[in-house]
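The values are calculated or read from the model by the stated rules, or taken from the named source; none is laboratory data. All figures in this text were calculated on a predicted structure; none of them were measured in a lab. All Cβ positions, even for glycine, are placed from backbone atoms using ideal geometry, and neighbour counts span all protein chains on display.
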Amino acid sequence: MSIDDNKFSDLRADCEKCFGLCCVALYFSASEGFPNDKEAGQPCLNLLPDYRCCVHDSLTERGLKGCRAFDCFGAGQKVARVSFGGNDWREVPQSAPQMFAVFLIMMQLHEMLWYLTEALTLQSARPIYDEIRSRLDEMEQLTQLSHDWLEKLDVATEREKINPLLQQGSELVRADARLGKKTRSGRSRIRPYADLVAADLRKTDLIGANLRGACLIAADLRGADLSGTDFIGADLRDADLRGADLGRSFFLTQNQINSAKGDLSTKLPPFIERPPHWSFD
Ligand code: SF4
């Protein structure tokens, strides 16, 4: 296990230690690659009594892309084992509504932990490491609060505290990535929150680009050099990443990569796992 794996290990889903929270607590719809339309708090029809998924081995064949892509950033096991001390919501049904509510909050806290943890791996962000570490410590402490406190937590305020820091880190990394580079065609279209659905970006200069919140659904990024590119909050569903170089892209999550298309030639950051289903697409 590498140093990065150690840092990120608590921020990956460990379903064995969870009570199927993502398969119960979340609202989801069949049109987004889930088995059916269901309300939040209602168990998925495929969830077994021991919280295993009865179709887990055939999510790809069944077209359940939403399930396949989902990762809770390790929030499930934190809520089940820490916030609720291992008390199963099926055995203590009165705790279920609060556990599901806390899970939604914890997922957002763990997502922020993910970005802050990653920011500390970005060499260009070194000038702001102290501030990042301090926010990371605060965020970790929040995740240890009791379930009563967590349920009342104002997550939007916590997000506002870290966003400027992540943006500052992004500017530092992207500026370094652009050093000595000439700007090539198509760059003017690239801006935060850009609508790039199905766009052909194979020849667009994306090194050091800011793709924050960009909609890249089904975009063609084959062979693209995405070094120093910020992907925070970008929608990569069905984006074609075959042959793309994301080895030095940043603020990428496992969910984003799971929802995209790629293959063995796609280069990924060290803390992102190659999705096993890529070979099927
Ligand atoms: S199909 Fe399986 S993974 Fe998807 S929500 Fe249902 S139980 Fe969970």
Selection count where residues are out of contact with any Asp or Glu (no Cβ under 7 Å at 6 or more places or on another chain) and either modelled with pLDDT under 95 or of a type in the set (Ser, Thr, Tyr) (or both), scope the range 112-160: 7
Considering only residues that are more than 10 Å from the ligand (Cβ to nearest atom) and either modelled with pLDDT of 95 or more or not in a helix (DSSP H, G or I) (or both), which ones fall in the range 43-63? PRO49, ASP50, THR60, GLU61, GLY63
Can you tell me which residues in the range 216-242 are part of a loop (DSSP other than H, G, I, E, B) and not aliphatic (A, V, I, L, M)? ARG222, GLY223, SER227, GLY228, THR229, PHE231, GLY233, ARG237, ASP238, ARG242
Show the residue pairs that are 6+ apart or on different chains and have beta-carbon atoms under 8 Å apart, the first residue being within the range 70-96 and at positive phi, the second being surrounded by 13 or more Cβ atoms within 10 Å (Cβ to Cβ) and among the aromatic types (Phe, Trp, Tyr). PHE73/TRP114
From SER134, SER124, SER146, residue being touching a residue at least 12 places away in the same chain (Cβ under 8 Å) and either of a type outside the set (Gly, Ala, Ser) or more than 19 Å from ILE232 (Cβ to Cβ) (or both): SER146
So, SER95, is that one out of contact with any Cys (no Cβ under 7 Å at 6 or more places or on another chain) and more than 12 Å from the ligand (Cβ to nearest atom) or not? yes
Can you tell me which of (1) surrounded by 12 or more Cβ atoms within 10 Å (Cβ to Cβ); (2) modelled with pLDDT of 95 or more; (3) within 11 Å of the ligand (Cβ to nearest atom); (4) not basic (Lys, Arg) is the one PHE19 doesn't meet? (3)
In the list LEU150, LEU109, which residue meets the criterion of being within 28 Å of ALA214 (Cα to Cα) and part of a helix (DSSP H, G or I)? LEU109
Condition first: more than 15 Å from the ligand (Cβ to nearest atom) and part of a loop (DSSP other than H, G, I, E, B). Now tell me which residues in the range 64-78 satisfy that. PHE73, GLY74
Given the options VAL24, VAL82, name the one that is at pLDDT 95 or above and either more than 11 Å from the ligand (Cβ to nearest atom) or not in a helix (DSSP H, G or I) (or both). VAL82
Kindly check whether there is at least one residue in the range 223-232 that is surrounded by fewer than 19 Cβ atoms within 10 Å (Cβ to Cβ), closer than 28 Å to CYS67 by Cβ and not acidic (Asp, Glu). no
Please name all residue pairs, on different chains or six or more residues apart, with Cβ atoms under 6 Å, provided the first residue is in the range 6-18 and is of a type in the set (Asp, Glu) and the second residue is in a helix (DSSP H, G or I). ASP14/GLN77
